[in-house]
Every structure is written in C-alpha cells, then in structure tokens.
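Report on the structure given below.
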Amino acid sequence: MTVQVLLPGVLAALAGGAKHLDVEPAGGTLADLLDALAAEHPLLGRRIRDETGQVRRFVNVYVDGDDVRFEGGLAAKVRDGAEVHVLPSVAGG
C-alpha cells in the first residue's frame with residue numbers, strides 16, 4: 001500500500017525539501033502512516049506528533065479531504081492511494 005503525503009513548505013523542510021512523499025505504512029490507519037513517516041523523517045514526525053504519540057493541537061491532518069479529528073483520529077482509515085495533507089495551523093494577527 002502506498003499513500004501520498006502532501007506537505008507545505010514549512011514542513012517540507014523537515015523532509016529534505018520534499019512536498020510530496022510516497023509512504024508505505026505497515027497498516028491501514030493514520031497511526032500506521034505516521035509511524036512510517038516518522039521512521040523515514042524523524043524531525044517531521046516530531047513536529048506532527050507529541051511525546052504521547054498524539055497529533056499536535058496545532059497540526060491539521062486530512063485524509064482525502066476529510067479532517068481526521070472527525071474520522072477517528074489516529075484510528076482513521078487510510079486506503080491505498082490516499083492523499084494525506086498535513087498542515088500546521090496559522091496564527092497571528
């Protein structure tokens with residue numbers, strides 16, 4: 001199974017500058033995908049997840065356009081060929 005992870009520039013810098021990553025998770029959940037992503041890009045993995053393994057509050061993750069917060073969080077299903085967008089929240093005034 002291969003999943004495409006799409007990153008904005010600020011996060012792409014943590015993945016060697018790549019904005020599109022093809023990741024092969026061991027299973028079919030978001031947690032499996034993030035585990036595989038962190039194994040390949042540890043700095044990126046730490047930016048996405050906190051010390052407890054949860055997605056950080058200021059990071060938004062979408063699987064095929066659906067916000068994972070409403071699709072089961074880390075247990076959200078990720079199908080073969082899915083597009084996963086990882087976006088940091090933007091704050092300021």
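What the table below lists for this structure:
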{"read-out": "Contact order relative to length of the stretch 3-88, as percent, for alpha carbon pairs under 8 angstrom and 6 or more apart", "value": "36 percent"}
{"read-out": "Segment GLU51-VAL90, extension gain: residue separation times 0.36 nm, minus the distance between their alpha carbons", "value": "11.9 nm"}
{"read-out": "Cα-derived Rg to Rh of the chain, Kirkwood definition", "value": "0.93"}
{"read-out": "GluC sites (Glu not before Pro) restricted to DSSP loop in the stretch 1-76 with at most 11 other C-beta within 10 Å", "value": "GLU51"}
{"read-out": "Likely footprinting exposure, PHE58, PHE70, fewest C-beta neighbours within 10 Å first", "value": "PHE70, PHE58"}
{"read-out": "Full-stretch length increase - ASP64, LYS77 - with 0.36 nm per residue and alpha-carbon distance subtracted", "value": "3.6 nm"}
{"read-out": "Test item: Cα-centred dipole of the chain, Lys/Arg +1 and Asp/Glu -1 on Cβ, debye", "value": "380 debye"}
{"read-out": "In order through the stretch 30-44: 3J(HN,Hα) via Karplus (6.51 cos²θ - 1.76 cosθ + 1.60), integer Hz, x for Gly, Pro", "value": "4, 4, 4, 5, 5, 4, 5, 5, 5, 5, 7, 9, x, 5, 5"}
{"read-out": "Helix-only CD estimate at 222 nm, as mean residue ellipticity for the chain, using -39500 (n - 2.57) per DSSP H run (n ≥ 4)", "value": "-6000 deg cm²/dmol"}
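Values quoted throughout were computed directly from the atomic coordinates according to the rules given, and no laboratory measurement underlies them. Model, not experiment: these values are computed from the prediction. Don't worry about glycine lacking a Cβ; one is built from the backbone with ideal geometry, like all the others, and counts go over all protein chains shown.
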